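Heads up, the thing below is written out as structure tokens.
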Amino acid sequence: MNFTVDCNPQYNSVKFRIRAIGTRGVTTIPLTVNIAITSRNFNSGFAALNNWGNDTSVTKFLPMTNDWDLYVGALTSLDGASLAIKALQNGNVGIGTATPKEKLSVNGKIRAHEVKVETANWPDYVFQPGYDLLPLLEIEKQVKATGHLPDMPSAREVENNGLELGEMNKLLLKKIEELTLHLIELKKENNLQQQQLEQVNKNYKVILKVNGKH
């Protein structure tokens, strides 16, 4: 047999159906699953839902609230449940938070084997001819004035807004490449000074020889 309850009279369609497994009859929803809905008189207004088995389609949950958000919680006591996952109608999903402002907001730690961040404008342009490399003295001046490297966010900004992994990786690579250019320039200056020092030493020996001193 089939047992049907229209739980949303606003629309002229079946919203809730229980069908005995193995029965025959005219139906447009051939279920082959067992579903258990339990009410424990919780003060929270959440309902417990359990289903198992196989079906020809995925299980669908249709929110009946005006905000059209989907809530998934975990039972903590007879007085209520704690929010575990919330999916907003705009596509944002929150885990451990009821106000996700991004496509996925997690209030807690995340563990993963790999995280791939897609980004553009990778700072290889630092090595291109004509790049305006900031002199070390100017960097020192800005560090003394701001307390952090140029182009990098301050500690307060990170504390208040967090940091974007893709953008931060680009900034860090940019600083590494700029530092590499400074090291190359310093190495050239050091080699030039070494050559000049060797030439001075040679000239000094020549002068000593001319003056008859050894």
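The values are calculated or read from the model by the stated rules, or taken from the named source; none is laboratory data. These numbers were taken from a predicted model, which means no experiment stands behind them. Every residue, glycine among them, receives a Cβ derived from its backbone with ideal geometry; neighbour counts consider all protein chains shown.
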Failed condition for Ile139, given (1) assigned to a helix (DSSP H, G or I); (2) farther than 22 Å from Met168 by Cβ: (2)
Residue match in the stretch 131-142 (condition: touching a residue at least 12 places away in the same chain (Cβ under 8 Å) and among the polar types (S, T, N, Q)): no
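Which residues, counting only those in the stretch 85-130, are free of Cβ contacts under 8 Å to residues at least 40 places away in the same chain and over 21 Å from Gly162 (Cα atoms)? Break it down stepwise before answering.
Taking the stretch 85-130 and keeping what is free of Cβ contacts under 8 Å to residues at least 40 places away in the same chain, we get 85-114, 116, 120, 125, 128-130.
Across the stretch 85-130, the qualifying residues are Ile85, Lys86, Ala87, Leu88, Gln89, Asn90, Gly91, His113, Tyr125, Gln128, Pro129, Gly130.
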Residue match in the stretch 171-178 (condition: under 19 Å from the mean Cα position of the chain (by Cα) and part of a loop (DSSP other than H, G, I, E, B)): no
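Residue-by-condition table, conditions (1) modelled with pLDDT under 95; (2) not basic (Lys, Arg):
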{"residue": "Ala98", "(1), (2)": "yes, yes"}
{"residue": "Lys103", "(1), (2)": "yes, no"}
{"residue": "Val106", "(1), (2)": "yes, yes"}
{"residue": "Ala120", "(1), (2)": "yes, yes"}
{"residue": "Ile139", "(1), (2)": "no, yes"}
{"residue": "Leu172", "(1), (2)": "no, yes"}
{"residue": "Leu181", "(1), (2)": "no, yes"}
{"residue": "Gly212", "(1), (2)": "yes, yes"}
Filter pass, Glu159 being free of Cβ contacts under 8 Å to residues at least 12 places away in the same chain, in a loop (DSSP other than H, G, I, E, B) and of a type in the set (D, E, K, R): no
